[in-house]
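Worksheet: the structure to be examined is printed underneath.
The values are calculated or read from the model by the stated rules, or taken from the named source; none is laboratory data. It should be emphasised that the depicted structure is a prediction, and the values quoted were computed from it without experimental measurement. For neighbour counting, all protein chains shown are included, and Cβ atoms are generated from backbone atoms with ideal geometry for every residue, glycine included.
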Amino acid sequence: MEASKDVASPPAKRVPMERRGYASIGENKIQLLTNHFKVRKVLRAMEWFYHYSVSITYEDGTIVDPRNVGRRIMKNLQEEFITELNGKEFAYDGDKNLYTVCEPLPRAKLEFRVVLLNPMSIRKLESADLGGDDNPKESVKKRSRGFSRFKTYKVAINLVGVIPIDAAATALRGQDSNLYQDPELFQKAVRVLNVILQQNAAKRGCFLVHQSFFHNEPKNFMDIGGGVVGCRGFHSSFRATQGGLSLNIADVSTTLLVKPGSVMDFLLGNQRVKYPNLIKWDKAEEALKNLRIKATHSNLEYKITGLSTYICYNQMFPMKQKTATDGDGKTETKLISVFDYFLRHYELDLKGSKEFPCINVGKPERPIYIPIELCSLVSLQRYTGTLSNIQKASLAEKSRLKPPEQMRAALNSSNYNADPLLLSSRISINEEFTRVQGRILAPPMVIVNGLFSKRLRVGNGKRVVLFCSHPSKLLQLTVGNDNFIPRNGRWNFNKRVCHHVVGGYETQAIPTRTFLNPIKIESWAVVNFSTSCDLQNLCQDLISCGRKKGMLGGDNFRLSFGMPAAAHQTLIVGMDVSHGSTHSGFPSIAAVVNSQSSSMYRYHAAVRIQTPKQEMIESLFQKVSDTKDNGIFRDGVSESQFNQVLNIEFNQIIEACKFLGADNWSPKFMLIVAQKNHHTKFFQADDSPDNVPPGTVVEHTICHPKYNDFYMCAHAGVNGTTRPTHYHVLVDEIGYCPTDLQELVHCLSYA
């Protein structure tokens, strides 16, 4: 009998590392304001959030997708059954979860029948369906016998469990609390508070996209062309910070919507044509499908299912008509065109849609045709198509804001302190921006050909410095005067060119279009701090010069890095995944780059496609180095995916190292996640209209109470408000102290 083999236990689950301390670099202190608003709570006896599951079905038991009608159903339920609910308010997340505060519902299991008006079956007396009888009023009466004017839903509410409100209240004590003895419980409590924010916005008629809320007001719409508008809204969510629980509010959220109004106008803009006869109707059908319209002749809303096969004048449908005999009530079915039907019954001469297809709002077995000129797109419908470069540029231009005043207005308009559920939670929100202290890191040193070292001059983001070296003398060309400041992304070479500083003497070039006086250049470096400049011609000239002189292929300049003594050689690896538009179905593109030299300015890149919408990179099993430690920067990952990065992607990298079979190769790793998709902004506390200075770092007050993270604004913000990068250090086996780490990240931002 064989001895039983020991079963290997699964590896321990990795979690993000805790903060080891704070950095000491950055002697220049700066007082900042941030769009985090402190939350206060009046502590009382133990109180609870009660969590219920919600199931919505039709009468025959078919499950209803709550994303479309869930909020309407629950709103009707709360109004109609207020007595049965003992007057209790609840927060519904629009899907399958419902919460009450402090007190439960009367019973653990409740069932209700909710009746909603069915807009697809009821008709006003003056609006007959296409395909009905000759008399519109008689048609409505007869059709109402076969189709219910209302839809009935069965709603089952069952108690799932309770969540202590104190799980969120402990976050008010920040880093001094035992907050993470049960982090899942805390996340559930914060989830309830965020659902309350959603409920508050839904009651005010906002369009909801996760924790971003958009008002249906024309002043919030930005036309970017192509039948698309950008809708400006605001984001709000609760977060645990070192300073306690805070509400992060940002009036910078923008979503893409279909431009409301005439369907014909939308198609003209979407296909960028001037006349309706130039519209490609196969593309039009694809763009219109599943959008909601309002028919002007009936004032009812429908969902578009397609277009008619023929134009309005030729599209026929069967209609029942009474026979002209002795009024015996018999009917006969005749074919009639959509054009003739509306001309006869509504006295509408459809000149604007006579020669074009009709909008179909019915089902395949029973189409319902409406002339296109009678259809108007309703507001607040998300646009899921791909934007053109012109639309992207227009959206970026019109979305730029200096948002401090508008964020205050967003807080006041939201009126959270009057929300009955938040009041029941004994929670109130401060209406003042949180004050934080930042530090300004000095820019890195530039070393050119080992002969010249000078600290970069960081201005308003519009300075370019060109360093050149010569065998016998050193030439510094500083492009900083008005003649070399780019205007609208273009350089002006028609006036005075530049100043030369040679051997301590300054000479001035004559007004020509020559960029440099003829001189032998053996090495050069261009450092550009402008995100809006078009340097294509300049770079092409320099590359051409470099190729002719045989200068390409080496490192002509480098930045000084503050490396820890234990890691003189570090391999920098960057990873990200890019996704297509929401409904494109295109595969995602994963990219990995790694540094090729100790200067960290030359990188090797690998790109591959993978499963659409898959954020975790597939098949990371590749050799990266033989002797170096590895610093990995991961982009595009949310906080909820940190565990996947640590226990899936990171494991693949470690397995690749083991696969090499080199016993003496055991590199140390540092894993950092860089986030740009967040809503934290910083502003100068002295009411300055300018952005925060480049090199600003914040690691106090609004950072995570336990884990290692910090915010950094490495570069100057030219347009709008600077969005800091939020760095999360998940693993650090190399042993960087916070000072060295932030200096390294800062320098890499210039590499």
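In segment 545-621, which strands (runs of 3 or more DSSP E) lie fully inside it and hold 1 or more residues that are within 30 Å of THR255 (Cβ to Cβ) and either within 35 Å of the chain's Cα centre (by Cα) or at pLDDT 70 or above (or both)?
Filter on segment 545-621 gives 570-578, 588-595, 603-610.
Quick one: is GLY205 surrounded by fewer than 21 Cβ atoms within 10 Å (Cβ to Cβ) and at positive phi?
yes
Only one of (1) at pLDDT 90 or above; (2) more than 30 Å from SER253 (Cα to Cα); (3) surrounded by fewer than 18 Cβ atoms within 10 Å (Cβ to Cβ); (4) among the β-branched types (Val, Ile, Thr) fails for THR323. Which number is that?
Among (1) at pLDDT 90 or above; (2) more than 30 Å from SER253 (Cα to Cα); (3) surrounded by fewer than 18 Cβ atoms within 10 Å (Cβ to Cβ); (4) among the β-branched types (Val, Ile, Thr), the lone unmet condition for THR323 is (1).
Working only within segment 63-76, note down all residues that are out of contact with any helix residue (DSSP H, G or I) (no Cβ under 9 Å at 6 or more places or on another chain) and within 12 Å of THR152 (Cβ to Cβ).
If the condition is that a residue be out of contact with any helix residue (DSSP H, G or I) (no Cβ under 9 Å at 6 or more places or on another chain) and within 12 Å of THR152 (Cβ to Cβ), then ASN76 is the only one that fits.
Taking GLN211, is it over 22 Å from GLY385 (Cβ atoms) and touching a Gly at 6+ places or on another chain (Cβ under 6 Å)?
No; evaluated as a whole, the condition is false for this residue.
Is it the case that segment 239-246 has a residue that's touching a residue at least 40 places away in the same chain (Cβ under 8 Å) and more than 30 Å from GLY720 (Cα to Cα)?
No: segment 239-246 contains no residue that is touching a residue at least 40 places away in the same chain (Cβ under 8 Å) and more than 30 Å from GLY720 (Cα to Cα).
Write out, first by first residue and then by second, each pair whose Cβ atoms fall under 7 Å of each other, whose residues are 6+ apart or on separate chains, and whose first residue, in segment 201-224, is in contact (Cβ under 8 Å) with a residue 24 or more places away in the chain while the second is in a helix (DSSP H, G or I) and among the basic types (Lys, Arg).
ALA202/ARG71; MET222/LYS398; ILE224/LYS398
Name, by its number, the condition in (1) modelled with pLDDT under 90; (2) part of a strand (DSSP E or B); (3) surrounded by fewer than 19 Cβ atoms within 10 Å (Cβ to Cβ) that does not hold for VAL39.
Condition (3) is where VAL39 drops out.
Looking at this structure, is ASN248 touching a Ser or Thr at 6+ places or on another chain (Cβ under 8 Å), closer than 30 Å to PRO276 by Cβ and either modelled with pLDDT under 85 or assigned to a strand (DSSP E or B) (or both)?
In short, no.
Could you pull out every one of the strands (runs of 3 or more DSSP E) wholly within segment 291-390 that has 1 or more residues that are without any contact (Cβ under 8 Å) to a residue 24 or more places away in the chain and over 44 Å from the mean Cα position of the chain (by Cα)?
In segment 291-390, 316-322, 331-337 are the strands (runs of 3 or more DSSP E) which contain 1 or more residues that are without any contact (Cβ under 8 Å) to a residue 24 or more places away in the chain and over 44 Å from the mean Cα position of the chain (by Cα).
Residues that are over 24 Å from the mean Cα position of the chain (by Cα): find the strands (runs of 3 or more DSSP E) completely inside segment 634-743 holding 2 or more of those.
Ranges flagged: 669-675, 725-732.
Among the residues of segment 709-724, how many are crowded, with 18+ Cβ neighbours inside 10 Å and polar (S, T, N, Q)?
Summing the residues that are crowded, with 18+ Cβ neighbours inside 10 Å and polar (S, T, N, Q) in segment 709-724 gives 2.
Out of curiosity, is PRO693 touching a strand residue (DSSP E or B) at 6+ places or on another chain (Cβ under 8 Å) and either surrounded by fewer than 19 Cβ atoms within 10 Å (Cβ to Cβ) or in the same structural domain as CYS737 (by TED's automatic domain parsing) (or both)?
yes
Within segment 46-57, is there a residue that is at pLDDT below 90 and among the β-branched types (Val, Ile, Thr)?
no
Among the numbered conditions (1) buried (at least 22 other Cβ atoms within 10 Å of the Cβ); (2) at pLDDT below 90, tell me where VAL228 comes up short.
Looking at each condition in turn, VAL228 falls short on (2).
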